[in-house]
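Reading through the C-alpha cells given below for one structure.
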Amino acid sequence: MFFDKTREAASTQATAPASSGRKKVIGVMTGLAVAVALGAVAVPAAAQSPEPRIVSSGHAAHHHYPSPLQVTSAFYASYNGDLAAGFDRYISKDLVLHGFNGPENRADWIKGDLDIKAGLTGFKMTVLDQIVEGDKVVTRWSFAGRHTGTVFGIPASGRDVQLSGISIDRVIHGQSVEHWSEGNFGVFLDELRGETPPGTVHPSAK
C-alpha cells in the first residue's frame, strides 16, 4: 500500500510544470550555496578568534609540577652533590623557616649547611624515612663525615661526627615554601669540639 501511494505521488510530481520544478531546484541550490559560503567564512573566523581565558586555562592544565615527595627527595639528594643548586632549585626565595633554634632565615640556613659540608671529609647525607601528607613531607635524615675543616668557627678535630634530625617541608608549585627542623644539634657541636664521645647518638635505620 505504501509503495502504491509513493508511485502515485511521483507520477503527480512528474506532470507538474517543468518551469516550476526548475525554479524549486534553483531555489534549493541557491540556498545550499549560500549556506556553504557562510560556513566557509564562519569556521575560519571562529578558529582564528583569540580567547585568552581558554588559552590560559589550557596552558595551566598542561603545566606540571613535581610532587612534594619528588621535590624533597631531590633536595636531600643534592646534599651529596651540588647543594647550592639544590637550594636554588627546590627552596623558595620566600621560604618561611623554623630552624633548630626558632625562626631563622634562608641565607643563614644555606651558609650553615654549605660550611658543614665543606668542613666534613667524606660527607654523606642519608634519608632514613619520608612520609607524605598532602603538601607536606616529613623526612628523617642523618649525615656524617670526618671533621677536617673549620665548622661554625670550630677548628678541625679529625673526629668522625654525625648529625641526625627530622624535617618537615611544605611544598607548593615545586618548591618548599615552609620548613621545620628538629635534631641533636647540641650533641653535634659537642662532637666537633671534642666534648662528647663521638657516636653518642645514632639514628635508627629501622
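Some notes on this structure:
- Some residue of the range 127-146 being small (Gly, Ala, Ser), surrounded by fewer than 17 Cβ atoms within 10 Å (Cβ to Cβ) and modelled with pLDDT of 95 or more: yes
- Unique residue being in the same structural domain as Phe188 (by TED's automatic domain parsing), over 27 Å from the mean Cα position of the chain (by Cα) and surrounded by 14 or more Cβ atoms within 10 Å (Cβ to Cβ) when the list is Leu95, Leu163: Leu163
- For the range 100-126, a residue qualifies if it is small (Gly, Ala, Ser) and in contact (Cβ under 8 Å) with a residue 24 or more places away in the chain, and the qualifying residues are Gly112, Ala118, Gly119, Gly122.
- Exactly one residue among Asp94, Asp113 is in a strand (DSSP E or B) and acidic (Asp, Glu), and that residue is Asp94.
- The condition (being small (Gly, Ala, Ser) and farther than 15 Å from Ser164 by Cα) is satisfied by just one residue among Gly99, Gly122: Gly122.
- Criterion (part of a strand (DSSP E or B), among the polar types (S, T, N, Q) and touching a Pro at 6+ places or on another chain (Cβ under 8 Å)) met by exactly one of Ser142, Ser167, Ser181, Ser176: Ser142
- Any chance Ser157 is surrounded by 16 or more Cβ atoms within 10 Å (Cβ to Cβ), assigned to a loop (DSSP other than H, G, I, E, B) and on the phi < 0 side of the Ramachandran plot: yes
- Contact map, the range 62-77: first residue in the same structural domain as Asp169 (by TED's automatic domain parsing) and without any contact (Cβ under 8 Å) to a residue 60 or more places away in the chain, second residue surrounded by 14 or more Cβ atoms within 10 Å (Cβ to Cβ) and of a type outside the set (A, V, I, L, M, F, W, C), Cβ cut-off under 8 Å, separation 6 or more or different chains; pairs are Ser73/Gln130; Ala74/Pro66; Ala74/Gly86; Ala74/Arg89; Ala74/Tyr90; Ala77/Gly86.
- Conditions (1) closer than 18 Å to Gln70 by Cα; (2) hydroxyl-bearing (Ser, Thr, Tyr); (3) surrounded by fewer than 16 Cβ atoms within 10 Å (Cβ to Cβ): number failed by Ser176: (3)
The values are calculated or read from the model by the stated rules, or taken from the named source; none is laboratory data. In this text the structure is predicted, and so the values were computed from the model without any measurement. Cβ coordinates were reconstructed from backbone atoms using ideal geometry, including for glycine residues, and neighbour counts include every protein chain displayed.
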